[in-house]
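The structure under discussion appears below in the form of structure tokens.
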Amino acid sequence: MSKGSQEEYDYLYKIVLIGDSGVGKSNLLSRFTRNEFSLETKSTIGVEFATRTIQTEGKTIKAQVWDTAGQERYRAITSAYYRGAVGALLVYDIAKQATYKSVERWLTELRENADRNIEIMLVGNKSDLRHLREVSTDEAKEFSEKHKLTFIETSALDSSNVELAFQNILTQIYHLMSRPSHGPIISDEPPAPGVQIDPSEPSSTQGGQKSGCGMCN
Amino acid sequence: MSNSHSDTNSPVKEAFWRFSRKSPGIAKPVNNTHPHRFEKFNGNMIPNRKKDYDSIYNSNNSHGQFSSHLTTSGDSINIHNSNIATTTTTTTTTSMTATTNTTVTNITGETTHLSISTSSTTSLPPSPNSLSSSLNSSNGGIDTSQTSQQQNIAQLNNNRTKKFEKLLTGSNVDLESLKSLGWRGIPDKYRAMSWKILLGYLPTNEERRDEHLERKRKEYRDSLPQYYICDEKKNEADRKTLKQIQVDVPRTNPGVPLFQHPKIQMLLERILYIWSIRHPSTGYVQGINDLATPFIWVFLSEYVEDIMCCQVDKIESNMLANVEADSYWCLTKLLDGIQDHYTFAQPGIQRMLAQLKGLLEKINHSLCAHLADQDAQFIAFAFRWMNCLLMREIPFPLVIRMWDTYLSEKEGFSVFHVYVCAAFLVLWSDDIKQRDFPDIMIFLQKPPTQNWEEREIESLFSTAFYYRSLYEEAQSHLKSNNSNNNNNNNNNNNN
């Protein structure tokens, strides 16, 4: 384990992973950050955290990803982590209709607790379970167009589209932040407990490294 | 943290190793190069003998406590002996035997927990389990000295087991004596009964036990139809609860094969569902599934010769039914004491986190300042420690050992646990201080405890005990309101 994440980066973006319990959020995170997958993943309690740095359009972007517990009882704890996040992966399980039905409730959650301009990507995970599919790709696509979300289907198990999903949302955030007309993604409220990063200003967590100034052009 | 596996001849480290070992007779392993320091044995994680003692030394030493043990302890550890060998030599044998004698004295005398002085840690008798695991860990050929040490260990084991036997076979168990004895670990053979008595599930009076058990087991059986009614007849909240439980049961303790058996999974599912619908103010909360597993494991071990390789299919169904009912009631007793950990917004956990922070500010201000400087908030890294009582951070067999102590404490799971968490955090102080925010989080999400053995738990507990001795008064205003809840709930449940 490295001591001190001293690598250089141009931007630091905070992303949250949300969605019902058991849809594979933790495995999406471990696949993206460590290229690992486990069928024996324990339930996430509260929040878990991981980082990865990627390159996009010649820029180095460091993603701080917060994986949240899916159960409702933890919402009081986890929703505090939405604030300051510039992106959210809203995950459902393509083989479980009920987890797709919850998507609207999760969107409401985000609207109530997250920053106004948060970039949201709808992610249909477990695409390897073709024979058990309960949510059609077209239906989910239509839903995301209606709600102005981006959409992708992934499989943390066989890796398909996981890299692409994170790459896409981080690139979109980069584009959004680089647009001169774009207003700052800053919540009016004071920072919630546990929120470490405001992308629009240098964070104390960066230890004097190059600032992740999301608003720079 | 140093990951060096190499042996060191540093006398201090060597002495620490022998100190921390507490159980005599086993030399520090010479060859620490094996990359897999945990071995699968009958599918269960068994710590092997290839330990990184240096790392333990380094992290413990960060708060200076253990070095003072070395100089102030009454036993014969000699930190100035620069010739202490890394294998079982006459030198090490002599001092280890002396340690044994010290311990024998303590074991045969009526000792209570720990005294406040730092040297007292060394007077903790080795638990029977750590002794037996040490016996198995002999590294190399058995010479005469090892044999005699093993005889000593066997004697110690025997004495301790006899004490439990004497205590538990009487017509009335003295609860205070059981707590005092159980604090340092309970022999496998007496654990199930001890836990049931310590939790107040089994009456201390022997005459009442059979009747009581029969009644409680029947009561549980009678509640099962609530589980078996078809889904359509359940209300929506209950259906949702069951669904959540069904998502979590297969991923409960995945490293322990027992919990992968369909019969055990069904048993766990029923326990959790019945508990949830009977406690609607809390309901099922993820993490409660973890808390049920030690009971199932320990109570099942009453009926099988070796729980490590038990074949569930061969266990008679009435025995499994007893395990299920007993586990249900004991889980209920445990949760009654910590119910506000799981109610809306989890105030019990928030309070414990505040206590932990307050405690750390006193114990290790610079660590606290570093965490604050990095904006690493207690709720972010220690929430799970409270919610799952460190069960996600500590290997399962050691969790069982931890519960011996927690159950022997007055408010082990709510009050003493905070001191244990403080000791746990301070243990990694040096590692944490070298890291920035992301790495602190990643480190603390998976602290290097995979190779821990009982002595690490015992060190942790003695440090926690020491902290409590020093800071209990200052923390008293933070003492949980649980004691009231506890009493109320216990009263309700004793009906």
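The values are calculated or read from the model by the stated rules, or taken from the named source; none is laboratory data. This structure is a prediction, so every number in the text was calculated from the model and none was measured. Reconstructed Cβ throughout: ideal geometry from the backbone, glycine too, with neighbour counts over all protein chains shown. For accessibility, only protein heavy atoms count, side chains too; no ligands or nucleic acids. Shrake-Rupley method; radii C 1.70, N 1.55, O 1.52, S 1.80 Å.
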Of B:363, A:18, which has the most accessible area with a 1.4 Å probe, and how do the rest follow in descending order? B:363, A:18
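Mind putting a number on the dipole of region B:262-395 about its Cα centre? Charges go on the C-beta only, +1 for Lys and Arg and -1 for Asp and Glu, and I need it in Debye to the nearest 20.
On the way: 10 positive and 15 negative charges, 79 e Å.
In debye, rounded to 20, region B:262-395 gives about 380.
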FRET efficiency for residue B:233 and residue A:8, using Cβ-Cβ distance with R0 set to 45 Å, rounded to 0.05: 0.15
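Distance check, please: which entries in A:146/B:233; A:126/B:357; A:42/B:263; B:162/B:446; A:62/B:446 exceed 30 angstrom between their Cα atoms? Intermediate values should be presented prior to the final figure.
Numbers: A:146/B:233 36 Å; A:126/B:357 40 Å; A:42/B:263 20 Å; B:162/B:446 39 Å; A:62/B:446 21 Å.
Over 30 Å Cα-Cα: A:146/B:233; A:126/B:357; B:162/B:446.
Over all directions, average the projected area of the Cα convex hull of region B:160-236 and note it in nm². Please list the in-between numbers first.
Values: hull surface 28.2 nm².
Mean orientational projected area (region B:160-236, Cα hull): 7.0 nm².
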Chains A and B together, accessible area buried on both sides, 1.4 angstrom probe, square angstrom: 3400
Starting from the residue with the highest accessible area, list B:411, B:207, A:139 in decreasing order, probe 1.4 Å. B:207, A:139, B:411
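Report, in listed order, any pair from B:314/B:410; A:25/B:433; A:14/A:96; B:216/B:240; A:96/B:196; A:101/B:218 with a Cα-Cα distance greater than 32 Å.
Details: B:314/B:410 38 Å; A:25/B:433 30 Å; A:14/A:96 28 Å; B:216/B:240 28 Å; A:96/B:196 41 Å; A:101/B:218 40 Å.
In this structure, B:314/B:410; A:96/B:196; A:101/B:218 exceed 32 Å between Cα atoms.
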Can you find, among B:171, B:201, B:156, the residue sitting farthest towards the positive end of the charge dipole of region B:154-206, where Lys and Arg contribute +1 and Asp and Glu -1 at Cβ? B:156
Please list 3J(HN,Hα) in residue order for region B:152-163, calculated via the Karplus relation 6.51 cos²θ - 1.76 cosθ + 1.60 where θ = phi - 60°; whole Hz, with x for glycine and proline. 4, 4, 4, 5, 4, 4, 4, 4, 5, 4, 4, 4
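Rounding to the nearest 20 debye, state how big the charge dipole of region A:11-178 is about its Cα centre with +1 on each Lys and Arg Cβ and -1 on each Asp and Glu Cβ.
Working: 22 positive and 22 negative charges, 80 e Å.
Charge dipole of region A:11-178: 380 debye, to the nearest 20.
How charged is the neighbourhood of residue B:427? Take every other residue with its Cβ under 12 Å from the Cβ of residue B:427, and add Lys/Arg as +1 and Asp/Glu as -1. Walk me through the intermediate numbers first.
Values: positive: none; negative: B:393, B:430, B:431, B:456.
The answer is -4.
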Value of Rg to Rh for region A:11-178 (Rh from inverse mean 1/r over Cα pairs, i.e. Kirkwood): 0.93
Could you state the per residue volume, in Å³, of the convex hull enclosing the Cα atoms of region B:342-480? 107
Within the set of other residues whose C-beta is less than 10 Å from the C-beta of residue A:63, count the net charge using Lys and Arg as +1 and Asp and Glu as -1. +3
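First compute the accessible area of region A:9-97 with a 1.4 Å probe, then give the percent of it belonging to carbon and sulfur atoms.
Numbers: 920 of 2310 Å².
Within region A:9-97, the accessible surface is 40 percent carbon and sulfur.
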For residue B:309 and residue B:344, extending 7 Å from Cα along the Cα-Cβ vector and measuring point to point gives, in nm, a value of 5.2
Residues in region B:399-438 occluded by at least 30 Å² - accessible area, probe radius 1.4 Å, against chain by itself: B:434, B:435, B:436, B:437, B:438
Counting heavy atoms of the protein chains only and a 1.4 Å probe, report the per residue accessible area for region A:11-178 as a whole number of Å². 37
Residue B:222 versus residue B:261, label points 7 Å from Cα toward the beta carbon: distance in nm? 3.0
In Å, what Rg and Dmax follow from the Cα atoms of region A:86-138? 12.2, 38
Please report, in whole Å, how far the alpha carbons of region A:51-109 spread along each principal axis, starting with the longest. 40, 27, 17
May I ask for the net charge around residue A:93, where only other residues with Cβ less than 12 Å from the Cβ of residue A:93 are counted and Lys, Arg are +1 while Asp, Glu are -1? +1
Please report the antiparallel percentage of DSSP beta bridges with both residues in region A:2-107, rounded to the nearest 5. 45
